[in-house]
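Undergrad: Let me give you the structure first, and then I'll get to my questions.
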Amino acid sequence: MTTHPYKLKLDLRVLDHLGIKLYSNAAAVLSEAVANAWDADAGAVTVTIDPSQITIEDDGVGMGLTQINDRFLSVGYDKRAEEGERSAKGRPFMGRKGIGKLALFSIANKIQIHTRRGDEKHAFEMTTPDVRQAIQDARDYFPVPITFAGPEKGTRIVLHDLKKKRTAATIPSLRKRIARRFSVIGHKGQDGDGFVVTINGKPVGPDDREDLRAVEFLWEFGEQRIDGSHCPKLIERFVLPAQSIPDHPTWTVRGWLGAADQPKQLKHDEAGSLNGIVVIARGRLIQENILDKLNFSRILVSYLTGQIEADFLDLEGEEDIATSDRQRVVEDDERYVALTTFLRDTLVSIQDKWTDLRNEARGKQAISELPALGEWLETLPTSQRKNAGRLLGLIQGQEMEDEDQRKQLFRAGLLAFERLRLREEAHLLSQGPLTADVLLPLLSELADLEGSLYREIVKVRLDVIKEFENLVDGNEKERVLQKHLFTNLWLLDAGWERAAGSERIEQILKKDYKEFSPDLTDEESKGRVDIRYQTNAGEHIIVELKRAKRRLHVGELLEQGAKYRTALHKCLTSQGVANPYISIVFVVGMPLYEEDGPDGLKNSQASLAAFGARVEQYESLIAAAQAQYGEFLERSAKADKIDAILQKLE
């Protein structure tokens, strides 16, 4: 007799891991029951969900005593190896591992089975505590016979003592999840062979998927199979010619891919995230979402949903690549690798087409919502309208919570397009004879566009000024002015539109010249909030912002300004700037003391002007800027055609 030094021992604890702890939600468990009903040649599966119990009943072939013990209660029973690949009706079996029935323990502590096969009828009960006790005692487990209360045909499963956390999903949520896990629900086969799943009195159908409701563009493999009535937002659909995996002609792909109007439409409170592609084999889910495995990161991904049917992942006689809970697959299997490559190539092939389709659709949507955009398109040459429509579609397609922001984006987009368009037309002038008939219209359009662009700038500036107007408190004005002044020197002088800072010069001043150093004494820093150096068209500008509530003497400013001028002059000449033109501006909150006397304002201004300095008060600065820019808008009230359209987008 041969002795064996090694021994493999299987323990009933495997039930704990393969059943009680393997499945985490009711949808996955119900899927196993539905799959078993399909394999039993049922035509109808009825699920009734109550707060205290769940009943699953089918009208399939049912089970006799032999089937109960040798198949249902035999963990790991390989249905396909023992019974072949198909049922009596010719249905491809979904079950394979023989552990699906253990899923019931994931959501209930008491399971009652009532089943009838021909003249045989049986009923028994299993409970989680009894199973666990058998595991602890290392003995076989014997379900308890109960009184039969089953159907005339088939099997009834009643789940009691539900695990609330795992059965907390709402009935609508379960319907939607079950609808996405099977392609055979609603199946109509030969000889009237149908398969209907009903949950709480209502059949599960394609509309329960929810993703089809959001689909705007639809791609189907091989042929059209989706009923368009399930896709109320559908704009266009396509048939993809490629159905077979390259180098594997018998590995065929069916199903569909859909792109939604907006990513947020693929987020559903009850159905969960619909932004994914489920993979079906033999009519049931085998991969929850393959989209995130495709290494495809272009924008289309956020809009995608779909269902791929790839039966070659579960072929007769081939190795089983599904994980134990049948929601994922072994990812290094040749068949799975081939499918991911095929799908990635498919997405690459439709990405650009989808971009064009989406921009066109969003462009039409934008025009319907804002007719002024259509007016603008009509002003363009026919050859440029398509590109302009794409621009509108791109802007319309951006997800924004504030539609006013979208209008502002349209305004900016229109102006940008006009600039590019006119630049192109100006370039074309060099390719043909230059005549007045050609040149004058272009110059007129350029002038109109320039006016429109500047009006946009002025409107933004007036918004900044209004921010000051609405402030009464001087300290608040000081803070807001400090925020804007040094980046918007047009507040001080409209001619300083292009003023820019020089960080290098400013760093040298602060490092080498005490007048600009941040390490000033209290006396030196008193009355000073901030100081900046700017340049504009050869003019070197020092701007100092004084505290709003501190009143100053002109002498203080003269002394301080002289130091600034001397320091800046030395700095600039050391940098190679000869005879620099320097301006100094003091921005104050209150009139100077000297302005109280006769000719005080005139005299103080003259004193400061002697070395290129001047004083601006907060209030007068704001009022002057508003008057200047408001006057411009008033003069240009007779708007050109572009500006007239832009005004409608306000």
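Undergrad: Go through segment 585-623 residue by residue and tally those that are surrounded by fewer than 17 Cβ atoms within 10 Å (Cβ to Cβ), assigned to a helix (DSSP H, G or I) and aromatic (F, W, Y).
TA: 1
Undergrad: All but one of (1) at pLDDT below 85; (2) in a helix (DSSP H, G or I); (3) touching a strand residue (DSSP E or B) at 6+ places or on another chain (Cβ under 7 Å) hold for R532; state the number of the condition that does not hold.
TA: Exception for R532: condition (2).
Undergrad: Output the residue which, of all residues in segment 292-306 that are under 22 Å from E236 (Cα atoms) and modelled with pLDDT of 90 or more, is surrounded by the most Cβ atoms within 10 Å (Cβ to Cβ).
TA: Checking each candidate, the answer is T305.
Undergrad: Does segment 93-112 include one or more residues that are farther than 27 Å from G201 by Cα, out of contact with any Cys (no Cβ under 7 Å at 6 or more places or on another chain) and among the basic types (K, R)?
TA: Yes; the residues of segment 93-112 include at least one that is farther than 27 Å from G201 by Cα, out of contact with any Cys (no Cβ under 7 Å at 6 or more places or on another chain) and among the basic types (K, R).
Undergrad: What are the residues in segment 72-87 that are free of Cβ contacts under 8 Å to residues at least 12 places away in the same chain and either touching a Phe, Trp or Tyr at 6+ places or on another chain (Cβ under 9 Å) or not assigned by TED's automatic domain parsing to the domain that holds G150 (or both), if any?
TA: E83, G84, R86
Undergrad: Also: Being on the phi < 0 side of the Ramachandran plot, touching a helix residue (DSSP H, G or I) at 6+ places or on another chain (Cβ under 9 Å) and at pLDDT 80 or above narrows it down to one of R385, R419, so name that one.
TA: R385 is the lone residue from the list that is on the phi < 0 side of the Ramachandran plot, touching a helix residue (DSSP H, G or I) at 6+ places or on another chain (Cβ under 9 Å) and at pLDDT 80 or above.
Undergrad: Pick from T198, T250: which is part of a strand (DSSP E or B), under 22 Å from A27 (Cβ atoms) and either of a type in the set (S, T, N, Q) or touching an Asp or Glu at 6+ places or on another chain (Cβ under 8 Å) (or both)?
TA: After applying the criteria, what remains is T198.
The values are calculated or read from the model by the stated rules, or taken from the named source; none is laboratory data. Treat the numbers as computed from the prediction; the structure is a model and nothing was measured. Glycine also receives a Cβ, built like all others from the backbone with ideal geometry; neighbour counts cover every protein chain displayed.
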